[in-house]
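A quick write-up on the structure given underneath.
The values are calculated or read from the model by the stated rules, or taken from the named source; none is laboratory data. All values derive from a computational prediction rather than experimental measurement. Glycine also receives a Cβ, built like all others from the backbone with ideal geometry; neighbour counts cover every protein chain displayed.
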Amino acid sequence: MIQEVADDFLLADFGSSVTAGAVVGLGIMDRQSQVMMNDQVISVEYALTVRTDLFGDLGYGQQVTYDGQVYKLQHEPLKLADGRFCVMVLEWIQAVAAAIQATVLADGLALVTSDGLMVVF
């Protein structure tokens, strides 16, 4: 109990709300990195530091909401140091859909699903 209060205290100053399913907590978005191929950005990844006891059991593809934005988990969270905190590597779902939409508008038809994914015809 005391440890959880101390962990939340560390996140409270710089953190924002994180939600994954029914789990709610705080997290700190650390950085973004771009994955490039042939001088084009094909993916932007974000690192989100959260408490392991709350978010450590999430798996690939699960959706995480941070500060009102929806992200997709790229792989299982990576534990830091003593394991009380972990880093989730995320991809911003809306950014992916927007990039696909920009390409598709020039090339043909597309269907956007309710979760923001785009199917190209």
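Of all the listed residues (Gly56, Gly68), the sole one being of a type in the set (Gly, Ala, Ser) and either surrounded by 11 or more Cβ atoms within 10 Å (Cβ to Cβ) or at pLDDT 90 or above (or both) is Gly56. When the stretch 26-45 is filtered for residues that are within 15 Å of Leu90 (Cβ to Cβ) and touching a Ser or Thr at 6+ places or on another chain (Cβ under 8 Å), the ones remaining, listed by number, are Gly27, Ile28, Met29, Asp30, Gln34, Val35, Val44, Glu45.
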